[in-house]
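Student: If you scroll down you'll find the structure; I have some questions about it.
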Amino acid sequence: MTEKSVFFDKELKIEAVRFKGFCKPFPCHFHDYYVIGAVEKGERTLICNGKTYDIERGDVFLFNPGDSHGCIQKDEVGLSFIGLHIGKDFMDSCVREMYGEECIRGFSVCLMRNEDIFIAVKSFYLSVLQRENLLDREEKLLFLLSFLIRPGNYDTSFNPRNMQDKIEQACEFMRNNYAQDIYLDDICAYVNLSKSTLLRWFVKVKNVTPCCYLQNIRIIKAKKLLEKGVSPLDASLETGFSDQSHFTHCFNRFLGLTPALYQNMFKNKEVQ
């Protein structure tokens, strides 16, 4: 049985879809938006702009607005895939943000076989599905687009020494404001960098993303509160987490145990 689910990210204005077990042929058609898709299961023959391709699990397909495309099944499994639908205006704004280009001419290929890109598509899709915070979603989207959009015009307005200084300023901003809602726009405005430049250089300098760095700061602060006997709920609120569930998930991911267990272990250690 064919299953289809659709999720719309209102803040990023991107539609995320998932098809499971689709066996019927897709007749040739086109969209007025960009499509980035990742094949999870099944084998198909894809026709795009008059050319034929064989697609299978792990492939990423790319359609520009107006590209005529369709496909037919090659096996008995049925096609399962993730699709991201991105409006032209939004894509143009991302390209301007990343490279200073006024517009993107379009993807030059319609099929890619690259595990990193496949994982990046799935990672962003899951971030939309799980309603991760905007900072997480923006990071994952920009990393995905940085894999796909390479116009050959990169920002070289800052030398490495200046960039390291700016990344340290970004870290200082997060350390000083960790208890508040922080978005990429806030960090970029503080250090006067574009989002793509900040992400690219932050990872080079710190080996983690800004989101991961911020979460680590919050966990460190939360540990100190828990050690003082502050409840996990209050600790999560005082350190900027959106809710206790998110706090518990991050705490467990970083330390391998829940906030309550950590607090109990600390209490037991003091008693001994």
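Student: Could you work out which residue, out of Phe26, Phe202, Phe107, moves most in a Gaussian network model of the chain, that is, has the largest mean-square fluctuation with Cα springs under 10 Å?
Tutor: Taking springs between Cα atoms under 10 Å, the residue moving most is Phe26.
Student: Quick one: if the Förster radius is 30 Å, what FRET efficiency do Thr258 and Gln130 give, using the C-beta to C-beta distance and rounding to 0.05?
Tutor: Values: r = 19 Å, r/R0 = 0.64.
Using R0 = 30 Å, I get an efficiency of 0.95.
Student: Now for a separate question. Ignoring ligands, DNA and RNA, what accessible area per residue does the chain give at 1.4 Å, in Å²? Working shown, then result.
Tutor: Details: 14390 Å² over 272 residues.
Per residue, the chain has 53 Å² of solvent-accessible surface.
Student: As a check on your grasp of the helix formula, calculate [θ] at 222 nm for the chain: sum -39500 (n - 2.57) over DSSP H runs of n ≥ 4, divide by the residue count, round to the nearest 500. Display every interim value, and only then the final one.
Tutor: Working: 10 runs with 130 residues, N = 272.
Taking each H run of at least 4 residues, the total per residue is -15000 deg cm²/dmol.
Student: Please report the carbon-and-sulfur percent of the accessible area for segment 1-127; probe 1.4 Å, protein heavy atoms only, DNA, RNA and ligands left out.
Tutor: On the way: 3420 of 6540 Å².
Carbon plus sulfur share of accessible area: 52 percent.
Student: Relative to the longest principal axis of the chain, what angle (0 to 90°, nearest 10) does the C-alpha long axis of helix 244-255 take?
Tutor: Rounded to the nearest ten degrees, it is 80.
Student: Between Asn49, Ser108, Gln73, whose Cα lies farthest towards the positive end of the dipole of the chain when Lys and Arg beta carbons carry +1 and Asp and Glu beta carbons carry -1, centred on the Cα centre?
Tutor: Projecting each Cα onto the dipole axis, the largest value belongs to Gln73.
Student: Counting Lys and Arg as +1 and Asp and Glu as -1, each charge on the Cβ, what is the dipole of segment 1-127 about the Cα centre in debye, to the nearest 20?
Tutor: Roughly 320 debye, rounded to the nearest 20.
Student: How much accessible area does Asp181 have with a 1.4 Å probe, in Å² rounded to the nearest 10?
Tutor: 110
Student: Have a look at Ala235, Ala38, Ala16 and tell me which one the Gaussian network model of the chain (Cα, springs below 10 Å) gives the largest fluctuation.
Tutor: Ala235
Student: Run the 1.4 Å probe and let me know the accessible area of Ser5, rounded to the nearest 10 Å².
Tutor: The accessible area of Ser5 comes to roughly 40 Å².
Student: Compute a Gaussian network model of the chain, connecting alpha carbons closer than 10 Å, and tell me which residue from Leu261, Leu12, Leu111 fluctuates the most.
Tutor: Sorting by GNM fluctuation, first place goes to Leu261.
Student: Could you state the angle between the C-alpha long axis of helix 88-99 and the longest principal axis of the C-alpha atoms of the chain, as a value from 0 to 90 degrees rounded to the nearest 10?
Tutor: Value to nearest ten degrees: 60.
Student: How far, in nm, would the chain grow between Arg113 and Lys206 when pulled straight, counting 0.36 nm per residue and subtracting the alpha carbon separation? Display every interim value, and only then the final one.
Tutor: On the way: separation 93, 0.36 × 93 = 33.48 nm, distance 2.91 nm.
Between Arg113 and Lys206, full extension yields 30.6 nm more.
Student: Round to the nearest 10 and give me the degree value, 0 to 90, for the angle of helix 115-129's Cα axis relative to the longest principal axis of the chain.
Tutor: So the helix axis and the longest Cα principal axis differ by about 70 degrees.
The values are calculated or read from the model by the stated rules, or taken from the named source; none is laboratory data. No experiment lies behind these values; they were computed from the predicted model shown. Note: ideal-geometry Cβ built from the backbone for every residue, glycine included; neighbour counts use all protein chains shown. For the accessible areas, the whole protein counts, side chains as well, though only heavy atoms, and no ligand, DNA or RNA atoms are used. Shrake-Rupley method; radii C 1.70, N 1.55, O 1.52, S 1.80 Å.
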